[in-house]
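**Q** Pasting a structure below so you can have a look.
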Amino acid sequence: MKIGALYIRVSTDKQEELSPDAQIREGKAFAQKNHIAIPDEYIFRDDGISGRKAQKRPAFQQLIGLAKSKEHPIDCIIVWKFSRFARNQEESIVYKSLLQKNKVDVLSVSEPLIDGPFGSLIERIIEWMDEYYSIRLSGEVVRGMTENAMRGKYQSAPPLGYKAAGNGLPPKKDPDTLPIVTYIVKSFLDENMTPRAIALHLNAMGYRSKHGNLFDARAVRYILSNPFYAGKNRWNYSGRNRVLKSSESVIYADGKWDPLYSMETYDLIKKKLQEFDSTNLRNGRRMNDSGSYKHWLSGLIVCSACGKTLANTGGIKSRGMNCWAYQKGLCRESHYIGIASLEANVIAGIERLLISDRIPYQIVHTSPAASDKKAELLRMLSHLNDREKRAKDAYLNEIDSLEEYRKNRLQINAERTRIEAEISALTRGDATRADDARMIANVREALCTIKNETSDFSKKARAMRGIVDKIVFDRKNTSFDFYLKLVK
């Protein structure tokens, strides 16, 4: 008698299919009829999971790992229909080929096949039909959501300041949270406050975001740039991991809810945000709001032990900084330094740079093309990290052998080295003598600004952030490593 495994899967879509219990009963009956024994521990089940991506089905991965193991404990895998095994033609062929190498057959209860080439052809046709159904179903869902979006129907949870009305009605204003949005808009337009400064004020007043978190500059910007508040329905704006889609993919339509302000106000906010970003890029800052920091060196001094920034130790009269992670118990080394000592060391360090033979720095490009290229490379690097994690999981779950895991690691590391080299080249650029001269001039100008007693806090902060990316402070050796930048 052969030993078999039973794989059960129930899809997320609303389709007519057997329940898990019914699939188990039919599978066991099929096994008994064909003289196949199925131990209870060889019944694998994925509930409410799509079949289009095998990597997202944990029970399926365990089953494949069992079939590939050195012991080869099973002779076949029984499914109710081939669509339960996979709905992706490519993955189905890959996994079935892998199983065939381990002499494991895939059998369908409701779709019996004959032996020989004709049986293989029928099996491929069934797989193509299953994949076509899956793609068509996905397309119908997207088409329906697109149609609703074009009609102005909001299909997500309403943003801060609004709440769902239920029964298919458009969102309505939330009197409890709408004042937060009003305050953000008024502070930005009328009082010229930066997003970061607005976030700090909101947190100080005890306000929290829609999900109960502290506000930050990104959350404030999202509210300011969201056309929802002007009565516009924006759909298909971002995909997975909040990656923005191309402008051609985004759908805008008039919403059915009561807007907070007019489109003219929204255009004014959008224009001011663009001007704000442009100013930051010219000054070599990324969304830097110098006026919202407690000191002109805040956010620039970095702990040598953990890489976190130094922050004021607390209180308005605080005269020292320390690693914020150490203050929260997340870093083991204290990097406390008095404000007066910190300022003196930073000024002395910049003066030493000016009398050295050469000032080391990196070129930071602010052109849209360079920024887009770097963003794409960083996304590729992130996907590579995901691939490495999946390869490790496949090895730990005994899906891949140690040799396969090593081969995957070598490929991934080679690709990572290539991408990191491109990022480094893009960041470094090709420095010229003119760039060197400009860098020296920028450092001298910044030094004059921070040493000038008449310079206010904001000017010093802008001057430092125009030339410094970070300063690594090593308390044990009392050293400061400067990482300078030249914005082009």
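The values are calculated or read from the model by the stated rules, or taken from the named source; none is laboratory data. All values reported here derive from a predicted model rather than from experimental measurement. Backbone-built Cβ (ideal geometry, glycine too); neighbour counts: all protein chains shown. Note: accessible area is taken over every heavy atom of the protein model, side chains too, but ligands, DNA and RNA are not part of it. Shrake-Rupley method; radii C 1.70, N 1.55, O 1.52, S 1.80 Å.
**Q** For region 466-488, which positions are within 16 Å of Glu351 (Cα to Cα) and among the acidic types (Asp, Glu)? Write out each step before concluding.
**A** Residues of region 466-488 that are within 16 Å of Glu351 (Cα to Cα), as a first pass: 467-468, 471, 479-484.
Correct list: Asp481 only.
**Q** Go through (1) loosely packed, with under 14 Cβ neighbours inside 10 Å; (2) modelled with pLDDT under 85; (3) in contact with a helix residue (DSSP H, G or I) (Cβ under 9 Å, 6 or more places away or on another chain) and name the single condition Ala434 misses.
**A** (3)
**Q** Cβ-Cβ below 9 Å, separation at least six or inter-chain, first residue in region 165-183 and under 15 Å from Met205 (Cα atoms), second open to solvent by 30 Å² or more (accessible area, probe 1.4 Å) and basic (Lys, Arg): which pairs?
**A** Listed pairs, sorted by first residue: Asp176/Lys163; Thr177/Lys163; Thr177/Lys210; Ile180/Arg208.
**Q** Can you tell me which of (1) acidic (Asp, Glu); (2) in contact with a strand residue (DSSP E or B) (Cβ under 8 Å, 6 or more places away or on another chain); (3) modelled with pLDDT under 85 is the one Asp190 doesn't meet?
**A** Of the numbered conditions (1) acidic (Asp, Glu); (2) in contact with a strand residue (DSSP E or B) (Cβ under 8 Å, 6 or more places away or on another chain); (3) modelled with pLDDT under 85, the odd one out for Asp190 is (2).
**Q** Quick check, is Glu420 at pLDDT below 85, open to solvent by 70 Å² or more (accessible area, probe 1.4 Å) and in a loop (DSSP other than H, G, I, E, B)? Walk me through it before giving the result.
**A** On the way: at pLDDT below 85: yes; open to solvent by 70 Å² or more (accessible area, probe 1.4 Å): yes; in a loop (DSSP other than H, G, I, E, B): no.
So Glu420 does not fit the description; no.
**Q** Being buried (at least 18 other Cβ atoms within 10 Å of the Cβ) and at pLDDT 85 or above is the filter here, so list the residues in region 46-60 that pass it.
**A** Phe60, the sole residue that qualifies.
**Q** Within region 112-124, can one find any residue that is modelled with pLDDT of 55 or more, in contact with a helix residue (DSSP H, G or I) (Cβ under 6 Å, 6 or more places away or on another chain) and closer than 30 Å to Asn34 by Cβ?
**A** Yes: region 112-124 contains one or more residues that are modelled with pLDDT of 55 or more, in contact with a helix residue (DSSP H, G or I) (Cβ under 6 Å, 6 or more places away or on another chain) and closer than 30 Å to Asn34 by Cβ.
**Q** Another question about this same structure. Among the numbered criteria (1) under 23 Å from Arg462 (Cα atoms); (2) surrounded by 15 or more Cβ atoms within 10 Å (Cβ to Cβ), which one does Glu191 miss?
**A** (2)
**Q** If you scan region 295-332, which residues turn out to be over 19 Å from Arg196 (Cα atoms), part of a helix (DSSP H, G or I) and either touching a strand residue (DSSP E or B) at 6+ places or on another chain (Cβ under 6 Å) or open to solvent by 50 Å² or more (accessible area, probe 1.4 Å) (or both)?
**A** Tyr326, Gln327
**Q** Here is a follow-up. Can you report the number of residues in region 462-475 which are out of contact with any Asp or Glu (no Cβ under 9 Å at 6 or more places or on another chain) and either open to solvent by less than 50 Å² (accessible area, probe 1.4 Å) or among the aliphatic types (A, V, I, L, M) (or both)?
**A** Going through region 462-475, the residues out of contact with any Asp or Glu (no Cβ under 9 Å at 6 or more places or on another chain) turn out to be 462, 464-465, 468-469.
Checking which are either open to solvent by less than 50 Å² (accessible area, probe 1.4 Å) or among the aliphatic types (A, V, I, L, M) (or both) leaves us with 464-465, 468.
Total satisfying the criteria: 3.
**Q** Taking the condition of being more than 18 Å from Leu447 (Cβ to Cβ) and surrounded by 17 or more Cβ atoms within 10 Å (Cβ to Cβ), how many residues in region 333-348 meet it?
**A** Within region 333-348, residues that are more than 18 Å from Leu447 (Cβ to Cβ) and surrounded by 17 or more Cβ atoms within 10 Å (Cβ to Cβ) number 2.
Table: residues versus (1) loosely packed, with under 15 Cβ neighbours inside 10 Å; (2) modelled with pLDDT of 90 or more.
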{"site": "Ile223", "(1), (2)": "no, yes"}
{"site": "Tyr237", "(1), (2)": "no, no"}
{"site": "Val243", "(1), (2)": "yes, no"}
{"site": "Ser246", "(1), (2)": "yes, no"}
{"site": "Asp267", "(1), (2)": "yes, yes"}
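**Q** Under 7 Å between Cβ atoms, at least 6 apart or on separate chains: pull out the pairs that start in region 209-232 with a residue that is closer than 18 Å to Pro179 by Cβ and end on any residue that is of a type in the set (Asp, Glu) and open to solvent by less than 30 Å² (accessible area, probe 1.4 Å).
**A** none
**Q** Only one residue in Thr454, Thr478, Thr449 is over 30 Å from Ile64 (Cβ atoms), among the polar types (S, T, N, Q) and surrounded by 16 or more Cβ atoms within 10 Å (Cβ to Cβ). Which one?
**A** Checking each option against the conditions leaves just Thr449.
**Q** Oh, and also: For Val472, indicate whether it is hydrophobic (A, V, I, L, M, F, W, C), at pLDDT 85 or above and either under 30 Å from Lys70 (Cα atoms) or in a helix (DSSP H, G or I) (or both).
**A** When the stated conditions are applied, Val472 does not pass them.
**Q** Quick test for you: out of Ala369, Ala344, pick the one residue that is modelled with pLDDT of 80 or more and part of a helix (DSSP H, G or I).
**A** On inspection, the qualifying residue turns out to be Ala344.
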